[in-house]
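The values are calculated or read from the model by the stated rules, or taken from the named source; none is laboratory data. All values derive from a computational prediction rather than experimental measurement. So basically every Cβ, Gly included, is an ideal-geometry build from the backbone, and we count neighbours across all protein chains shown.
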Amino acid sequence: MQIVVLANEELKKELTGNGVQPGVELVWINSIHESLSYPKAAALVDLLFEKEEERMNLLEQNKAPVIINSVEHTLRETNPSFIRINGWNTLLKSTSIEGAADDRMKQIASNVFASLNKKTEWLSDEPGFVTPRVISAIINEAFIALEQGVSSIEEINTAMKLGTNYPYGPFEWSEKIGLKKIASLLKKLSDSQTRYSPCPLLVQQAG
């Protein structure tokens, strides 16, 4: 099985952290343009996906099934024939991958991720999936507490790690994932659910 992947070094490590099954060939590419050279691949995985017209046009030219790391944008907003996963930094290392796809594409994606020793958890095609929604809300609350002078960044990070056994404090997590991604998802979620309204300090620091 040949799997073509566009990723940065950190996401490469997370994707392959559980090992790779025998017979799997991972082809690492540096641009979406390169993906067109592998028409017989079992899948193209774009872990650096951005919803841009040129990128979408190139992805749609691929003969291989396309898997995109798209937490914010749904398949309705991108392409219904794609497979959408939660590949945010730190979350891709899990043995379970949150994903959305139509029924005919689910088995393809399940086989791809099984070859990487990961199980696919199929969810509704909604912005944020489950884990990113929860983490973004936690990070937002941490920024609200900081803005109100409840505590410091260091103390909030320590309290969350010790009190909840999280691997990272909320501010540490926001740095690893990227504040712009957090702010953008919160803004989108808040259009229909006001409890996700992003803290002004978070938006300011996200730039």
**OP:** Kindly indicate the residue of the range 107-120 that is in contact (Cβ under 8 Å) with a residue 40 or more places away in the chain and either in the same structural domain as residue 202 (by TED's automatic domain parsing) or in contact with a strand residue (DSSP E or B) (Cβ under 9 Å, 6 or more places away or on another chain) (or both) and also farthest from residue 191 (Cα to Cα) among those meeting that condition.
**Re:** 115
Original post:
Does the range 147-183 hold any residues that are of a type in the set (Ser, Thr, Tyr), over 20 Å from residue 71 (Cα atoms) and outside any loop (DSSP other than H, G, I, E, B), and which are they?
Top reply: 158, 164
**OP:** Mind counting the residues in the range 82-116 that are surrounded by 14 or more Cβ atoms within 10 Å (Cβ to Cβ) and part of a loop (DSSP other than H, G, I, E, B)?
**Re:** 13
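For (1) more than 26 Å from residue 77 (Cα to Cα); (2) in contact (Cβ under 8 Å) with a residue 60 or more places away in the chain; (3) of a type in the set (D, E, K, R), each residue gets a yes or a no:
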{"site": "105", "(1), (2), (3)": "no, no, no"}
{"site": "122", "(1), (2), (3)": "no, no, no"}
{"site": "135", "(1), (2), (3)": "no, no, no"}
{"site": "155", "(1), (2), (3)": "yes, no, yes"}
{"site": "166", "(1), (2), (3)": "yes, no, no"}
{"site": "171", "(1), (2), (3)": "yes, no, no"}
{"site": "190", "(1), (2), (3)": "no, no, no"}
{"site": "194", "(1), (2), (3)": "no, no, no"}
Original post:
Do the conditions hold for residue 31, that is, is it within 21 Å of residue 78 (Cα to Cα), surrounded by fewer than 15 Cβ atoms within 10 Å (Cβ to Cβ) and without any contact (Cβ under 8 Å) to a residue 60 or more places away in the chain?
Top reply: yes
**OP:** Take the range 32-54 and flag every residue that is out of contact with any helix residue (DSSP H, G or I) (no Cβ under 9 Å at 6 or more places or on another chain) and assigned to a loop (DSSP other than H, G, I, E, B).
**Re:** 37, 38, 39, 40, 50, 51, 52
Original post:
On the given criteria, is residue 58 more than 22 Å from residue 180 (Cβ to Cβ) and outside the structural domain of residue 169 (by TED's automatic domain parsing)?
Top reply: yes
Original post:
On the given criteria, is residue 101 free of Cβ contacts under 8 Å to residues at least 12 places away in the same chain and over 15 Å from residue 181 (Cα atoms)?
Top reply: no
